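Colleague: Sharing a structure below in structure tokens format, with a few things to ask.
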Amino acid sequence: MTDDTPLFREGLRALPRSWGHWPDEETPERWALVRGVLEAGLPPARLDEPEPRIHLKDKFFADDEYPPDDWYCNEILHELVKDLPRITVGQLAEVEAACAADGLDTTDFPQAWTWRIVGRLVEPALNWCGIADDIDALDPWFPELAALYIRRQMAVERATLSLLAVRELPSARAALTALAVDEDVDEETREWIARRLQEDEAPA
């Protein structure tokens, strides 16, 4: 019998559509939904590897390139699960079985793919915050959450882009200043943030 236990917390399951298609309106209710998604998707501790993996995103491979097993697993996931926010434990097990049947590497599959899926779901929410018209609605909860995402290696690029986009907020600038010297943050991201902060301070 298939296990219908939801894989994700309620905040992620509240997403209205798969793959994070967000409406344009900025209302208190919509911001509450976004915040709930980001709080529910935050890993409790720093991940061993950044998620989502770059090769899980849309990419064209050259004729002499062989996509990694994760890329094929991602294709199977998309084929078998149409509503990722509400994926169940049983559905993820079915994806794992299909991947194994194709001879793909399924080491630590439930743990690894839970966070890979979360990464794909939270990226649109992070992006929506970065393009907000009313950035005051993000203060101070979004800078705090975005900084945690960066430190815990979840959706780092998207969280960094969005945090930089709202750095007019004092809370965002304070978060970026701290991240630029935090050794828990990867060197490339630290340098990226520091460079942007220095550019802001340069005379016009």
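The values are calculated or read from the model by the stated rules, or taken from the named source; none is laboratory data. Bear in mind the structure is a predicted one, so any value in this text is a computation, not a measurement. Cβ: placed from backbone, ideal geometry, glycine included. Neighbour counts: every protein chain shown. For accessibility, only protein heavy atoms count, side chains too; no ligands or nucleic acids. Shrake-Rupley method; radii C 1.70, N 1.55, O 1.52, S 1.80 Å.
Colleague: So which of A146, A132, A165, A100 ends up being of a type in the set (G, A, S) and within 24 Å of R9 (Cα to Cα)? Break it down into steps so the answer makes sense when it comes.
Modeller: Details: A132 fails: within 24 Å of R9 (Cα to Cα); A165 fails: within 24 Å of R9 (Cα to Cα); A100 fails: within 24 Å of R9 (Cα to Cα).
Result: A146 is the single residue among A146, A132, A165, A100 that is of a type in the set (G, A, S) and within 24 Å of R9 (Cα to Cα).
Colleague: So, one more: If you scan segment 164-175, which residues turn out to be surrounded by fewer than 23 Cβ atoms within 10 Å (Cβ to Cβ) and assigned to a helix (DSSP H, G or I)?
Modeller: Result: L164, A165, P170, S171, R173, A174.
Colleague: Right, another one. Residue pairs, Cβ under 6 Å, 6 or more apart or interchain, first in segment 69-86 and farther than 12 Å from L104 by Cα, second open to solvent by less than 60 Å² (accessible area, probe 1.4 Å) and not in a helix (DSSP H, G or I). List them.
Modeller: Short answer, once both residue conditions are applied: V81/I87; D83/S18; L84/S18; P85/L15.
Colleague: Tell me yes or no: at least one residue of segment 151-163 is surrounded by 13 or more Cβ atoms within 10 Å (Cβ to Cβ), closer than 21 Å to T27 by Cα and without any contact (Cβ under 8 Å) to a residue 60 or more places away in the chain. Break it down into steps so the answer makes sense when it comes.
Modeller: Pass one, segment 151-163, residues surrounded by 13 or more Cβ atoms within 10 Å (Cβ to Cβ): 151-163.
Okay, now just the ones that are also closer than 21 Å to T27 by Cα, so 162-163.
Now drop any that are not without any contact (Cβ under 8 Å) to a residue 60 or more places away in the chain, which leaves 162-163.
Yes, the conditions are met somewhere in segment 151-163.
Colleague: Considering only residues that are closer than 15 Å to F109 by Cα and either at pLDDT 80 or above or open to solvent by 60 Å² or more (accessible area, probe 1.4 Å) (or both), which ones fall in segment 55-68? Can you show your working first?
Modeller: Our first condition is that a residue be closer than 15 Å to F109 by Cα; within segment 55-68, this holds for 56, 68.
Correct list: P68 only.
Colleague: Pull up segment 96-148, narrow it to residues that are among the polar types (S, T, N, Q) and not in a helix (DSSP H, G or I), then point me to the one that is surrounded by the most Cβ atoms within 10 Å (Cβ to Cβ). Working first, answer last.
Modeller: Step one: of segment 96-148, the residues among the polar types (S, T, N, Q) are 106-107, 111, 114, 127.
Next cut, not in a helix (DSSP H, G or I) only: 106-107.
Numbers: T106: 19, T107: 7.
The residue in question is T106.
Colleague: May I pose another question? Conditions: (1) modelled with pLDDT of 95 or more; (2) under 15 Å from the mean Cα position of the chain (by Cα). N127 meets all but one. Number of the miss?
Modeller: With (1) modelled with pLDDT of 95 or more; (2) under 15 Å from the mean Cα position of the chain (by Cα) applied to N127, the lone miss is (1).
Colleague: Go through (1) at pLDDT below 95; (2) surrounded by 12 or more Cβ atoms within 10 Å (Cβ to Cβ); (3) within 21 Å of D108 (Cα to Cα); (4) not hydrophobic (A, V, I, L, M, F, W, C) one by one and return the number of the condition D48 breaks.
Modeller: Looking at each condition in turn, D48 falls short on (2).
Colleague: Just a yes or no: is a residue in segment 149-161 touching a Gly at 6+ places or on another chain (Cβ under 6 Å), in a loop (DSSP other than H, G, I, E, B) and not basic (K, R)?
Modeller: Yes: one or more hits.
Colleague: Please work out which one of (1) in contact with a Lys or Arg (Cβ under 7 Å, 6 or more places away or on another chain); (2) without any contact (Cβ under 8 Å) to a residue 60 or more places away in the chain; (3) part of a loop (DSSP other than H, G, I, E, B) is the condition D184 fails and give its number.
Modeller: With (1) in contact with a Lys or Arg (Cβ under 7 Å, 6 or more places away or on another chain); (2) without any contact (Cβ under 8 Å) to a residue 60 or more places away in the chain; (3) part of a loop (DSSP other than H, G, I, E, B) applied to D184, the lone miss is (2).
Colleague: Filter segment 189-204 down to the residues that are without any contact (Cβ under 8 Å) to a residue 24 or more places away in the chain and either loosely packed, with under 10 Cβ neighbours inside 10 Å or of a type in the set (S, T, Y) (or both) and list them by number.
Modeller: E199, E201, A202, P203, A204
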